[in-house]
Each structure stands twice: as structure tokens, then as C-alpha cells.
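The values are calculated or read from the model by the stated rules, or taken from the named source; none is laboratory data. Not measured: the values here are computed from a predicted model. Here the Cβ positions follow ideal geometry from the backbone for every residue, glycine too, while neighbour counts run over all protein chains shown. The accessibility values were calculated without ligands, DNA or RNA, using every heavy atom of the protein model including side chains. Shrake-Rupley method; radii C 1.70, N 1.55, O 1.52, S 1.80 Å.
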Amino acid sequence: MRLPLGGWRLWPAVLLAVLALAIGAACGGGEDKEPTASPSPGATTPPAAVEGGEITMQVSEPESLDPHFSDFSLDITIQQMTQRGLYDLLPGAELVPAYAEDLPDISADGLTYTIPIKSGMKWANGETLDANDFVFGIQRTCSRVIAGHYQYILTSIGGCDDFYDPEGTAGVDVVTVSAPDDLTLEITLAQPQATFKVLLALWPTYPAPDEALGTVDADWGTPPNTPCSGPFCVTEWVVGDHLTLEKNTSYGLTKAKLDKITLRIIDDFSVAANAYVAGELDMSRVDPSEVTVYENRPDFVKQALPITIGLEYLMTDPVLSDKNVRLALSRATDRDLFNQVVNGSAWIPTTNWVPAEEPGANELGAFEEIIGFDAEAAKKALADAGYAGGAGFPSVSILFTDSAANRAAGEFLQEQWSQVLGITVTLDFVDGQTRQSRFNNSQFQLTLGGWGHDYPDAENWLVGLYETGGSINKQQCSIPEIDDAIAAAKVEAEDEPRWEQLREAERLVVENLCGIAPLYHRGNLYLISPDIQGVEPTLEDHFWPQFPENWSLKQ
Amino acid sequence: MTGYVVRRILWMIPLLWAIATLTFVLMHAVQGGPFDREKPAPPSVQAALNTRYNLDKPVLPVSFDGSPPFVELTANSQYTFYFWDLFHFDLGISFQGDREVTEVLGTGLPVSTQLGAFAFLYAVGIGMSLGVIAALNQNRIGDYLSVFFATAGTAMPSFIIATFLVAIFSVQLGWLNVLGWGGPPVWAWNPSFWDPDNWHIRQMILPVISLGTLSAAYIARITRASVLEVLNQDYIRTARAKGLQEHVVVLRHTIKNAMVPILTVLGPILAALVTGSFIVETIFAINGIGRHFVTAVFRRDYGLIMGVTLFYALVVAMANLAVDILYAAVDPRIRYG
């Protein structure tokens, strides 16, 4: 039987033509969608902002829109776009009044905070936004029914823990937060906390509409009916697909310039970056493994954040309980090379646990000579532990969440330690939830992990993490001198002596490698269309930079 | 036949219960829960979350003890709560935004079904055509090209095909879209389904090709083998000897008789395609049920895992029943009691 299409001779020609087209398109310098020109060098006046317009940006799937429940960095970013609190937080713990009229008045004993609220403020649905709503919001965070992830940072507020206790029966009245009048918020602490003022800028203290919700335990609702106190409101959430944010015309602070922001849910950063290059997104995150692909583009933005990643040791492990072993592993790790090979030189190698820009931190490099890379010192430390040349070193495993970046990190450490120390470690790759569960239950020997701050102060990097029995001390670090330094910091009312104690605590943690050997500070990578202006990354950002009300399209 | 169909449908009830129970047990046996975060939470927060979502209750209604009576039963278990709700057609909530599982399925299923249906049509159209061409041109260029396609399609994973297509046709040439599915996320009985403005072909082409190529290759191989076997039958020689035109021999006698083995694979292929593909849905950021399912497993989103698993099981069972019915339609020798 004859083939259709004119016989067999035509088929090879057709096939060759298709292949040639494909190869030419793939290899040719096709219409690379380079962004349009940025403002010319030396220009001092930014292009005029255009009122209106809309953009599409990439996000991952949020878990919740309720600020009193959330803990995902993406959720917090969306809440910063759609809600606003008493204060905005800038780097260095600088507070700028938002719905508050002024900074808080703090009583002499440090227990009572009185905050004046701006008058004439409204929710997006037109209801009055006043001090009662901030009382309601704090009560929601402390509610055992809401079960807010970040309740623990408000533990200083009187009655907050009692109202939160799932076994308890205390009612909302035990929480010592009140509104003496509609424009005054009063918070009474059970014990003084020098950093409490900073917490007033965070999402657990955002307002909640007492009139709309009715009771503290009421559900936050689903779009378009979720409460909105920020420059944008969530008008639509199609799970797995997108969220739509529209300008809040009732917003009493700096009004947004854009009319609409579409948050496109794309979990894979590589897919998002491809979509950005193809012109389907205006803003996209970039996967760190692809930094070398995009870093030379003019629309590529690298943002430093207060996040530290390091090698975490289980201090109760028979092998790792020996400080010399921990020191050997730390000193055998070339952090510069690690950053170059594993991170594409995207991040900042470090031996500091607390990022140097945090209030109360030690200066960058303060511990380099003690725990930094030194092959000979590493070998000596291992020999002091009784494993000279790696002889007799027991099997040790490193626990990772399975990802391309973590596989590269594991292989790097495995190879480097083999070369420098002559030891062999096994790599244990599991899915994210399994890794988290094993870490939370201290079922590991070594793991790659770290911390990103909740608020800018060295306290957030140490309290609860490195005290004996600390609620999130999963590495089981226990050194009395660290406990003493942290305890001394807690009772200091003045910042400088408090920070001095925290620097000492950090020094003790790092020099003793008490559960952590810091490796690098990391941040976020973005592709941002040059047609957008006003996107200003700060150290207090989460998934995306704050203050979307300042974003606009260029004329 | 009616009695056979009714019996098969009734048997699905205990089947689905068994699958649900097995999934429930395995799901809770895996380490890690929905609130195990990279940033660990204090025990007080873990306790509050477990209480909020009833995760502090025993998983199963049965527990075993070393002392008499050795077995303890309780109605206050996660299993009891879940199956009581299921009995009332309530699939529970997803931990993503506390949304109803039915709502999540309601937005994801139409998308996956459309994508799967178009991929199925593509796979059947391309696969059967190539298979027939190959069989009719055995050991000639048509056969070689078809086998080449079948082999290449089987050897290349869908994520390789998808990545290749995106790199060329979206990023470099800009002809086709990267993101999303071009059809409305509604079922056919919704009026907006029939609005042409809600269909965007540029968004549909790459996902359909990526998803359907492997199945097309497989169908091509099965079709080729089946048609070759039929072509060697006496009744085909008789048909040609009678002077029938070749296209009549092929379309009326050959393909119809070659369909039984092809139908055998079409049922599972259809079920696999319409229930979504995590890889294709992730690469194209399509809001489909495949992506929801895999994400739910990684996040330990128990309600969504159970809901999607039950749906998958139901689809596979119904697809197999449909195939069995089609056997009888195609081959009059097959009859069910």
C-alpha cells in the first residue's frame, strides 16, 4: 500500500526540515527577551510613576491568609501586602508608625505599653479600624482555637500562654491587652522584654475586625470576604493557580499605585524563571542553582537577608559530643569553595551565626580564626579526638531534604572531608516533612539547616535555640555558660549591656560549635521587570520585598 | 449485561473502602506531619495545632495492649471521624487555607480531565495512525519512521519532552505559552465551557504533546502488532480476493478486528491521563489534580491525599468497567452473564 503524502521520498525531507528548524531555534540567538532599557547611567531623576496598571508575579502556594495563624514566609509576604499593623519595620529595628500615631509609651517598669492609634482609619469594607481591632488581633494570636504558629513570641503578654494552652480553660479576658478608648491600645506584660517594641511591627499583632468576625475564634474567611487592612486586598484565591490582589481604596495610609497584582502560583522556580523570560511574568524568584544562568542580566536582583545556614550537630550523639570532632569537621570545610561550587557564589560564606548587621551581633569574621577552614588544624583536632588520619572514625550520616542543591552540598562535604580528614560520611536524603520531623525529634547526627530571623535582634537567634532545654533547641546544646549569658541578657532593660551578653552567648555557641557550624548567609534572588519601579529590597523582607504600595509601572 | 454492570458497581464499594483504609494507614505511618516545619515550633504550638485539627486523637479505632482485654476500641479516633464524614460525602479539608477538599478537587479535576482528554485524543489519533501506517508498510520507510517515533516516545520521559518544547517554542521562539492550561476550569455543563473566549490554544499545545507522546508511542506499537496479526488472517485474504478496495479492507475489517488488544490498553491509559500528571502540571504550572496530589503527599495534607486517592480509585475502576463493556461491543463473541 502506498504511503500518503506523495510517497516515501517526501518523508525524510519533512523530517530533516523539522529537525533543522528545531536545532536552529535552540541554538540560534533567537529573540532573547532581554528587558527594555533601564534608565541611562548617570540619570538622577527616576522615570515618573504611572498610576494604575497591573503586574503578574510568581509565588508558591500559601497556607493561610490569617496573620494570626501563619508562619510561612510566603504567607507573611502576602499579609504584608494585604494587612498593615501598628508599625512598619525597617532594618536595624527601626520602627516607623503605620496605624500607630507614634512610638509606644513604655512605663518605667517596662511592663505597660501604651500606643496611640491614628484616627479615621478604615477596613476595606468601610468599618472603622481602631484600637479595639488590635486588641482583637492579639487575642486571636493567643487563642488556643486559632493555634497561631507565632503565639510564642507574644509569650510576655500577660495571660497569652494561659489562653493558648489547649488543655486549659482560661477565657479571653485573661489576656492583658485592652483599649481604654477607641484610639488607645494598652498592652501589659507579665515580665519586661526589651525587644517587645519590635514585635509590635510583626504580623501576630496585626489587627482583626471585631465587628466583622464577632468572636476571637471566628474563622478568617475566604476571599473575597477576608478582612483587609493593607494597600491591597485578596479578591480571589484559586487554590493551585493564582491569587488576585486589588487596590484597597479605603486604605488610609500610602495608597497603592498599581490597580492589581496577580500572584501566579508556581512552586518550581525554574518554571517561573522560564515564564519570566518568555514574558508571562513581571517578577519571578530564581532558584539558587540557576544563579549563573541569570546573574548577568540587568533585571537580576540579589538580596541579602538575615538567614544563616550551617552544619547542625546533635550534641548528644556519642561521636559528635566530642568538641574536637565537631571542630575537625568545621575546620575541614572550605566555606569559600563551598559557596563557589554549591551556591554558584550567590551567598556569603561565614563563620558567624548571627548575621553581623543584626543588633547585638558580633562583627563578620569574628570566629574565622577559631572555626574557619584550616586543613592542618582540622587534622590536628581529629587526631586529638583519637582518630588520627581518620582511622577508626565511626560512621556518621548527614541528613538532608532531598533537592538538587542539597545533593550538591552533601557531595561537596563528603568529598572534602574525605580529602582533608580521611573519613567517610553517608548522606541521607529524605523528603522535606520527614527531614523536619527527624530534626524536631532530634533523630539525626548531622544535618544542614539554619535560621532566619523573626525580628532584628540577636536575641531571636539565641533564646530558645541554644539554652539548655530551650523549646526549639533540637540539637540539644547544653553549656552552662551559654545559659548564664542568655539569662543575663533577658533581665537587661538597656540594649547595650543586653547585646553584650548576647554577643558573649553567640561567641560561646560558635566557638564550642554547640549544635552549629555556620557555613553561609543566604538571601533571595529575583528577576524584576525594568518596567516596574519602587521595588526596594530590605533586610526585613520575606518571600518578596515589602511595601507594594510603592511599586508602579514606569511611564 | 445489566446485571453484570450492577454487580461490578456494587463491588466498587468494598473496594474503595479497602483502598481508603490502606491509604489512611500508610499515610499516617509515614514519618512527618503537616506541621513539621523547617523552622521548628515550640511544643506548645505543636500541641495547639494538633488539637485544632484533631491530630492529637488516636489514628485508628483499635489499639493493642499487653494486658487484658488486649484490644481496645474507641470511636474517638481520626479514622472514625474521617470515615463518618466520608459516609456523609464530606471529604474534609485541605490544610492549604482550610479549604474543602471538594473545592480543591472541583478546580483541579476539570483542568486535569481536559488536559488528559486532549492528550488521549492526541495519543489515540497519532498512535493508531502511526501503528496502522507501520503495519501496512511493514519493513518499508513508513514502518521505520513509525517505529522510530514509537521508540523515541517511549524512551524520552515527559519532563524531557516538556523541557525541550518549552525551551524552543516558548523561551526562544515565543510562539507558545509556558504557563497554565488554556481551557476553563469548569465542566462541560457549565455555560462558560462553551465560550470560545475561554479557550486559549497557545497554552494547550505543549502540555498536550508533553503528556500524550509517551502514550501515543505505546499505542503505536500495540496497534502495529495487532494490525499485523489481523492482516495475516484468512478473512483479510478473502476480503481482498473478493475485490474489495484496500481502504475498505483496512477500515472495515482490519482495524475493527485489531481493536481488542488496543482497547485493553486504552482504558488504563485514559485513566492515567485524565487523573493528571505531576510532572507536566508542574512544568507548565497547571492547576491540576496530579500536582495537587503529589504536593499533598509531600506536605502530608491528609484530607487532600485521601480525596484524590479515592477519586483515582473510582476513575480506574470505572475505566476498567467501560473497557469490559466495550469488549462486548467490539467482539460479539464476548458476552457477560
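Under the rule of at least 5 residues apart or a separate chain, name every residue whose amide H is placed under 5 Å from the amide H of residue A:539.
Amide H to amide H, under 5 Å and 5 or more residues apart or across chains, residue A:539 pairs with nothing.
What are the ³J(HN,Hα) couplings of the stretch A:396-408, residue after residue, when phi is run through the Karplus curve with 6.51, -1.76, 1.60 and θ = phi - 60°? Round to Hz, x for glycine and proline.
10, 10, 10, 8, 10, 6, 5, 7, 4, 5, 5, 5, 5
Among A:201, B:164, B:303, which residue has its Cα furthest toward the positive end of the charge dipole of the protein assembly as shown, with +1 on Lys/Arg Cβ and -1 on Asp/Glu Cβ?
Comparing the listed Cα positions along the dipole, B:164 ranks first.
Would you work out what percent of the accessible area of chain A, with all protein chains in place, is carbon or sulfur (probe 1.4 Å)?
C and S fraction of accessible area: 51 percent.
Compare the Cα positions of B:270, A:397, A:67 along the charge dipole of the protein assembly as shown (+1 at Cβ of Lys, Arg; -1 at Cβ of Asp, Glu; about the Cα centre) and return the one farthest towards the positive end.
Projecting each Cα onto the dipole axis, the largest value belongs to B:270.
Karplus couplings for the stretch A:77-86 from phi (6.51 cos²θ - 1.76 cosθ + 1.60, θ = phi - 60°), rounded to Hz, Gly and Pro as x?
For the stretch A:77-86, the Karplus-derived couplings read 4, 5, 5, 5, 7, 10, 9, 8, x, 5 Hz, x marking Gly and Pro.
Out of residues 5 or more away from residue A:352 or on other chains, whose amide H comes under 5 Å of its own, with H placed 1.01 Å from N in the peptide plane?
Correct list: A:365.
Expected output is a single nm value to one decimal: the length gained when fully extending between residue A:491 and residue A:391, i.e. 0.36 nm times separation in residues minus the C-alpha distance. What is it?
The span from residue A:491 to residue A:391 would gain 31.2 nm if fully extended.
May I ask you to work out the translational diffusion coefficient for chain B at 4 °C, viscosity 1.567 mPa s, via Stokes-Einstein with Rh from the Kirkwood sum over Cα pairs, reported in whole µm²/s?
Rounded to a whole number, D works out at 56 µm²/s.
Does the stretch A:96-226 classify as rounded, prolate or oblate by the C-alpha gyration tensor (a ≥ b ≥ c root eigenvalues; a/c under 1.5 gives rounded; else a/b over b/c gives prolate, otherwise oblate)?
oblate
Quick one: grab the alpha carbon gyration tensor of the stretch B:1-128, order the square roots of its eigenvalues as a ≥ b ≥ c, and give me rounded if a/c is under 1.5, else prolate or oblate depending on whether a/b is larger than b/c.
oblate
With only Lys, Arg, Asp and Glu charged, each at its Cβ (+1 for the first two, -1 for the last two), find how big the charge dipole of the stretch A:160-293 is about the Cα centre; round to the nearest 20 debye.
So the magnitude is around 760 debye.
Within chain A, which is the longest segment containing none of the trypsin sites (Lys or Arg not before Pro) that sit in a DSSP loop and have at most 14 other Cβ atoms within 10 Å?
Here the longest segment lacking exposed loop sites spans A:256-555.
Of the chymotrypsin sites (Phe, Trp or Tyr not before Pro) in the stretch B:114-154, which ones lie in a loop per DSSP and count no more than 11 other C-beta atoms within 10 Å?
Taking the stretch B:114-154 and a limit of 11 other Cβ atoms within 10 Å, no loop chymotrypsin sites (Phe, Trp or Tyr not before Pro) are found.
If Lys and Arg each add +1 and Asp and Glu each add -1, what is the summed charge of the other residues whose beta carbon sits under 12 Å from the beta carbon of residue A:454?
Net local charge, residue A:454 excluded: -4.
Residues with beta-carbon under 13 Å from that of residue B:324, excluding residue B:324: net charge, scoring Lys, Arg +1 and Asp, Glu -1?
Result for the local shell: +2.
Long-range amide H contacts for residue A:523: which residues qualify at under 5 Å (H placed 1.01 Å from N, peptide plane, sequence gap of 5 or more or a different chain)?
Distant-sequence amide H within range of residue A:523: A:305.
Classify the stretch A:265-376 as rounded, prolate or oblate, taking a ≥ b ≥ c as the square roots of the eigenvalues of its Cα gyration tensor: rounded when a/c is under 1.5, otherwise prolate if a/b is larger than b/c and oblate if not.
In terms of gyration-tensor shape, prolate.
So for the protein assembly as shown: antiparallel DSSP bridges make up what percent, rounded to the nearest 5?
Rounded to the nearest five, the antiparallel share is 80 percent.
Please compute the Kirkwood hydrodynamic radius of the protein assembly as shown from all pairs of different C-alpha atoms, in Å with one decimal.
For the protein assembly as shown, the Kirkwood estimate is 30.9 Å.
In whole Å, largest first, what are the principal axis extents of the Cα atoms in the stretch A:503-555?
Answer, in whole Å and largest first: 56, 19, 12 Å.
Once the other residues with Cβ under 14 Å from the Cβ of residue B:75 are scored (Lys, Arg +1; Asp, Glu -1), what is the net sum?
After counting each charged neighbour, the total is -1.
Using only atoms on other chains, find how many Cβ atoms lie within 10 Å of each Cβ of peptide B:137-145 and report the average.
The per-residue average across the peptide is 3.
What list of ³J(HN,Hα) couplings, whole Hz, do you get for the stretch A:339-352 from phi and the Karplus terms 6.51, -1.76, 1.60, once you set θ to phi - 60° and write x for glycine and proline?
5, 6, 6, 8, 9, x, 6, 6, 10, 10, x, 7, 10, 8
Which of the DSSP-defined H helices in chain B satisfy a minimum axial length of 27 Å, computed from C-alpha atoms, and a minimum mean Kyte-Doolittle hydropathy of -1.0?
Span-like helices, by this rule, are B:2-29, B:101-136, B:201-231, B:302-330.
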